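Below is one structure, written out as C-alpha cells, with a few remarks after it.
No value in this document is a laboratory result; all are computed from the given coordinates. Computed from a prediction, not measured in an experiment: that's the story for all the values here. Every residue, glycine among them, receives a Cβ derived from its backbone with ideal geometry; neighbour counts consider all protein chains shown.
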Amino acid sequence: MPLNPDFNSGDPAGCGLYQITAKNKRRSSAATAYLAPARKRRNLSIKTKSRVTRVLIEDGCAVGVEYVCRGKKRRAYARKEVILSAGAISSPKLLMLSGVGPADDLKQHGIGVKQDLPGVGQNLQDHIEISLVYELNGPHSYDKYKRLFWKAAAGLNYLLFKGGLSSSNLIEGGCFGGPTNPRNGRIFSIFWS
C-alpha cells in the first residue's frame, strides 16, 4: 500500500501516521488550542453549559444562534458571520432544525423552510470498525506499562524528554484501502499502535 502523509487530503487510501491536535508534545483539545489563546479578545464570548438549538436566519443569511443555557432559551447575534462547526451529525441536524434542508422532510416535522437543500442530512455514515485482539507471548506491546516500574519509566521519560508512551495517542497510524465500493468508498481500514 502507498504511503499517505495526510489522511485529511481527500483520499484516505494508503498507510500513514495519524495527525493529532498537540502542543508541546501534549494532546490538546480544540478549546485549549484555539479558544484559550483568544479568551481575552473583546469580540469573543464563551458560553459553557449551553446547547445551540438552531441557527437564526433572516433574509437568507445566518445572523446568529438560538441556544439554551441553564434551562433558559437565549439568542446571540453575530456582527459579521456565523460559523457552524458541530460535527458531521450535529451540523446538518442544526441546519435542518433551522429550516435548511430537504423541504418535504422539514415540512413533515413542522419546520418552516428557509432554504430547500435536498442534500442536507443525507448519506451520513459512521466509522464501521472490526477490532481484532491478539494475545502476545510476552510484554511486547503497551501492556508492559501495567507494571509499576514501566509506568514510572514512562512518566519519567515524559517529564524529562516530552516523549515515550505518555506522549502517544496509542493509535498512532493506520491504513485505508482495498477495492473501492462506489456507494461507500474504501472497504477496509487498519489501525496500529
TODO: Can you confirm whether the stretch 26-35 contains a residue that is in a loop (DSSP other than H, G, I, E, B) and among the hydrophobic types (A, V, I, L, M, F, W, C)?
DONE: no
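In the stretch 87-104, how many are in contact (Cβ under 8 Å) with a residue 12 or more places away in the chain and within 23 Å of D59 (Cβ to Cβ)?
As a first pass, look at the stretch 87-104 and keep what is in contact (Cβ under 8 Å) with a residue 12 or more places away in the chain: 88-89, 92-103.
Now drop any that are not within 23 Å of D59 (Cβ to Cβ), which leaves 92, 94-103.
Residues that pass the stated criteria total 11.
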TODO: Could you check N24 against (1) free of Cβ contacts under 8 Å to residues at least 60 places away in the same chain; (2) loosely packed, with under 12 Cβ neighbours inside 10 Å and say which number it fails?
DONE: (1)
Task: Out of V52, V68, V63, V82, sole residue that is surrounded by 13 or more Cβ atoms within 10 Å (Cβ to Cβ) and part of a loop (DSSP other than H, G, I, E, B) - done: V82
